[in-house]
Amino acid sequence: MATCSLILLCFLATSYTNVLGDDNQEFGVCYGFNGNNLPSPRSGIALVLGVKNEDIPTLASSQQAAEQWFNTYVQPYVNDVTIRLIAVGNEVVPGQYSDGIVPAMQNLQNVIHNHGIGNLAPLLVNLYPYFAYASDPAHVRLDYAQFTASQPVVQDGNLAYMSLFKAMFDCFVWAMEKIGVSDVDLVVQLTTVHLARTYNKNFLDHLLNHAGSPKRPLVYIEGFVFSVVDENLKSAGVEQAFGMFQPNLQPNYNIFS
């Protein structure tokens with residue numbers, strides 16, 4: 001998915017008490033800015049604040065640069081806005097900014113820690129079952145992509161997968177374990193499917209039921225769907241119509257009933 005030119009915000013559908021902390025909330029929705037008819041921002045929500053991809057090299061260059069970013073985008077708002085997490089970039093790896101991800105995260109983490117408002121944070125990962133299905137519908141079943149399969153579709157040893165989302169999630173878990181990392185929580189930052197109502201409703205039910213995954217059955221998964229509203233300035237095609245709402249806030253579909 002194309003990154004937006006402005007800071008990406010992911011709004012949480014439930015309230016938070018900790019700023020930049022770790023809390024037991026599961027579901028949110030991302031607000032993209034690639035539109036010229038977007039509704040006015042709402043208050044009373046928690047959010048994930050995203051660093052623009054093009055700002056990553058600057059933040060990676062020094063802790064002073066990260067401090068300046070923090071003082072511009074975070075410090076003025078910490079008393080009025082519940083900022084749950086800061087996401088450094090979106091769809092950066094692989095790419096021209098990938099080398100800066102780790103130092104940028106380290107510099108920001110040091111800044112947050114120095115301000116006394118940061119706890120241990122999860123790793124955010126983008127999972128896109130729709131694009132896997134759309135790119136190869138002959139081999140990726142629709143029910144597997146939409147949480148509607150009634151029997152396991154993929155069997156990996158003793159782990160059975162009835163949904164592509166869980167398989168993609170566990171692939172990332174396996175990859176982390178491959179390099180010796182097993183104790184980092186994952187948050188699904190962006191996930192979407194063009195046949196949106198069925199997928200997003202089942203995705204919400206999955207999160208709220210704390211269903212976990214075959215490899216991490218006892219770990220609740222927190223996640224965000226994309227996106228709040230349709231964005232008319234995105235490239236022509238399906239991504240213009242990923243919103244749960246039209247810009248006038250008329251719903252495109254309802255996942256809560």
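Values in this text are rule-based calculations from the coordinates and carry no lab data. Because the structure is predicted, anything quoted here is derived from the model rather than measured. Counting neighbours? That spans all protein chains shown, and the Cβs are built from the backbone with ideal geometry, glycine included.
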Obtain the nm distance between the two label points defined at Leu120 and Leu233 by a simple spin-label model: each point lies 7 Å from its Cα along the Cα-to-C-beta direction.
-> 4.0
For Tyr31, distant residues with modelled amide H under 5 Å away = Leu9, Cys10, Phe11, Val228
Find which of Val228, Pro251, Leu159 sits farthest along the positive direction of the dipole of the chain, computed with +1 on the beta-carbon of Lys and Arg, -1 on that of Asp and Glu, about the Cα centre.
-> Pro251
Residue span Ala138 to Ser61: 0.36 nm per residue of separation minus Cα-Cα distance leaves a gain in nm of 23.2 nm
Taking Cα atoms, how many degrees apart are the long axis of helix 164-178 and the longest axis of the chain, rounded to 10 and kept between 0 and 90?
-> 60
To the nearest 10 degrees, how steep is helix 63-73 against the longest Cα principal axis of the chain, on a 0 to 90 scale?
-> 80
Return the single residue from Thr148, Thr72, Thr82 with maximal mean-square fluctuation; model: Gaussian network over the chain, springs between Cα atoms under 10 Å.
-> Thr72
Assigning unit charges at the beta carbon (Lys, Arg +1; Asp, Glu -1) and nothing else, what dipole magnitude in debye, to the nearest 20, does the chain show about its Cα centre?
-> 380
